[in-house]
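The values are calculated or read from the model by the stated rules, or taken from the named source; none is laboratory data. Not measured: the values here are computed from a predicted model. Note: ideal-geometry Cβ built from the backbone for every residue, glycine included; neighbour counts use all protein chains shown.
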């Protein structure tokens, strides 16, 4: 798990840099174009029934026929200013686990890789 | 609402308690589970009458209920009930006197299942006995899940409509089978970490995508069912309860058990017992 946290922190650095200067990305960080690609990939992972399938349970902007088992995934950046906390929730670290919840432990149970979770978090931050 | 669930389900989830649930009085634990579940659903949906639980999701959504009622007027399964009757009558001698309840007439066969066989210490299902009787009469057993076996099941269910589910637990073996079934239902299984209870107890009435989640009470009353989804996939749309178990296990990303194997038979035994007192309304139409 320490490894997964490390990767997430690396993701965080790239993204927080992006947010601070969305148009002008300095060398060593990812370009606007790359970021758009990551967001598109994250959205695909989140919506795909065989992968994240978040819409089975959550309302998400633009998502058709969502379930209502979990809370709506909106205003994610506002609600999760700390990107690591959002990553941890999706990964399923014990401290964020809610008893009897249907929310899958995506990282802990090996449903999604750490990189895939990072892509989804990039996408969630646009909601 | 979750706080009102003091049932064995909650305990089983929390402590994996089930295996000790072999009561001195053999059906005391089972009866507690059943009444706890009824109380839970009564608290959750105070306006839904107990007798309506045989109608699954259609007690939760008025629009879908109306569509469904229209379907049930000229149901897609009707021809299969007739086909089931023909199949049954063709090999009548194999079944009559072999299937439990048949001595009292065809209508009494379905309500006699599932039951616990003390000699073999195994749960016996309707489908299991259809094939046992065929084999003992020198006939070829039917394939499980769909086709002939579902047609005969639909006919036997249709004949039994209106009678009440009445599964009996009166031995340590039966109590153990019930407890094993309860564990299968209440404990998380598969990669998504879900239990049957996650969907069909705690989140019943909520939606997963556009599917409404049905309550566990009454689940067994209307099987086999005819589903549009199954008709589009393969076969004629009619399927058995164990076919449905397999489908839900796949959705949970859990390797499905063998159809009519011990796990599913125990699960059916639990599932049917907790619906005691509800009317049989098989077969039925489902989305």
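Given the stretch A:1-84, what helices (runs of 4 or more DSSP H) lie entirely inside it while holding 1 or more residues that are within 14 Å of the chain's Cα centre (by Cα), within 14 Å of another protein chain (Cβ to nearest Cβ) and modelled with pLDDT of 90 or more?
Working: elements: A:2-20, A:32-47, A:76-79.
In the stretch A:1-84, A:32-47 are the helices (runs of 4 or more DSSP H) which contain 1 or more residues that are within 14 Å of the chain's Cα centre (by Cα), within 14 Å of another protein chain (Cβ to nearest Cβ) and modelled with pLDDT of 90 or more.
Using beta carbons and a limit of 7 Å, which pairs, at least six apart or on different chains, have the first residue in the stretch B:128-139 and at pLDDT 95 or above and the second one part of a helix (DSSP H, G or I) and surrounded by fewer than 18 Cβ atoms within 10 Å (Cβ to Cβ)?
B:137/B:93
So which residues in the stretch B:208-218 are over 21 Å from residue B:50 (Cα atoms) and more than 7 Å from chain A (Cβ to nearest Cβ), if there are any at all? Even if it seems obvious, please write down each step before you answer.
Going residue by residue through the stretch B:208-218, those that are over 21 Å from residue B:50 (Cα atoms) are B:208-211.
Matches in the stretch B:208-218: B:211 only.
If I filter the stretch B:264-287 down to residues being in contact with a strand residue (DSSP E or B) (Cβ under 9 Å, 6 or more places away or on another chain) and in a loop (DSSP other than H, G, I, E, B), which single residue comes out as surrounded by the most Cβ atoms within 10 Å (Cβ to Cβ)?
Among them, the one singled out is B:283.
Which of the residues belonging to the stretch A:69-86 are buried (at least 16 other Cβ atoms within 10 Å of the Cβ) and under 20 Å from residue A:55 (Cβ atoms)?
Of the stretch A:69-86, the ones buried (at least 16 other Cβ atoms within 10 Å of the Cβ) are A:69-70, A:73, A:76, A:80, A:83-84, A:86.
Hits for the stretch A:69-86 are A:69, A:70, A:73, A:76, A:80, A:86.
Among the residues of the stretch A:102-127, write down those that are within 11 Å of chain B (Cβ to nearest Cβ) and surrounded by fewer than 15 Cβ atoms within 10 Å (Cβ to Cβ).
Let us first name the residues in the stretch A:102-127 that are within 11 Å of chain B (Cβ to nearest Cβ), namely A:102-106, A:108-112.
Matches in the stretch A:102-127: A:110 only.
Looking at this structure, is residue B:249 in contact with a strand residue (DSSP E or B) (Cβ under 9 Å, 6 or more places away or on another chain), part of a loop (DSSP other than H, G, I, E, B) and under 27 Å from residue B:36 (Cβ atoms)?
Working: in contact with a strand residue (DSSP E or B) (Cβ under 9 Å, 6 or more places away or on another chain): yes; part of a loop (DSSP other than H, G, I, E, B): no; under 27 Å from residue B:36 (Cβ atoms): yes.
It is false that residue B:249 is in contact with a strand residue (DSSP E or B) (Cβ under 9 Å, 6 or more places away or on another chain), part of a loop (DSSP other than H, G, I, E, B) and under 27 Å from residue B:36 (Cβ atoms).
So which of B:235, B:228, B:261 is surrounded by fewer than 17 Cβ atoms within 10 Å (Cβ to Cβ), over 21 Å from residue B:212 (Cβ atoms) and at pLDDT below 95?
Details: B:228 fails: over 21 Å from residue B:212 (Cβ atoms); B:261 fails: at pLDDT below 95.
Step by step, each of B:235, B:228, B:261 is checked, and only B:235 is surrounded by fewer than 17 Cβ atoms within 10 Å (Cβ to Cβ), over 21 Å from residue B:212 (Cβ atoms) and at pLDDT below 95.
Hey, among B:232, B:183, which residue is without any contact (Cβ under 8 Å) to a residue 24 or more places away in the chain and assigned to a helix (DSSP H, G or I)? First the steps, then the outcome.
Numbers: B:183 fails: without any contact (Cβ under 8 Å) to a residue 24 or more places away in the chain.
Checking each option against the conditions leaves just B:232.
Search the stretch B:32-51 for residues being free of Cβ contacts under 8 Å to residues at least 24 places away in the same chain and not in a loop (DSSP other than H, G, I, E, B), and hand back the single one that is farthest from residue B:277 (Cα to Cα). Steps first, please.
If we filter the stretch B:32-51 for residues that are free of Cβ contacts under 8 Å to residues at least 24 places away in the same chain, which is where we start, we get B:35, B:42, B:46-49.
Next, from what is left, pick out any that are not in a loop (DSSP other than H, G, I, E, B): B:35, B:42.
On the way: B:35: 11, B:42: 15 Å.
Checked the stretch B:32-51; the qualifying residue farthest from residue B:277 (Cα to Cα) is B:42.
Return the only residue of B:205, B:198, B:221 being part of a loop (DSSP other than H, G, I, E, B) and either within 14 Å of chain A (Cβ to nearest Cβ) or under 15 Å from the mean Cα position of the chain (by Cα) (or both). Please lay out each step first, then the result.
Details: B:198 fails: part of a loop (DSSP other than H, G, I, E, B); B:221 fails: part of a loop (DSSP other than H, G, I, E, B).
Unique residue meeting the criteria: B:205.
Which one of the conditions (1) under 24 Å from residue B:207 (Cα atoms); (2) surrounded by fewer than 17 Cβ atoms within 10 Å (Cβ to Cβ) does residue A:33 fail to meet, given that it meets all the rest?
The single condition residue A:33 does not satisfy is (1).
Evaluate the stretch B:14-28: report whether one residue or more is more than 20 Å from the chain's Cα centre (by Cα), farther than 23 Å from residue B:268 by Cβ and at pLDDT 95 or above.
Among the residues of the stretch B:14-28, not one is more than 20 Å from the chain's Cα centre (by Cα), farther than 23 Å from residue B:268 by Cβ and at pLDDT 95 or above, which makes the answer no.
Could we say that residue B:85 is in a helix (DSSP H, G or I), in contact with a strand residue (DSSP E or B) (Cβ under 9 Å, 6 or more places away or on another chain) and surrounded by fewer than 19 Cβ atoms within 10 Å (Cβ to Cβ) here?
Judged against the criteria, residue B:85 is not a match.
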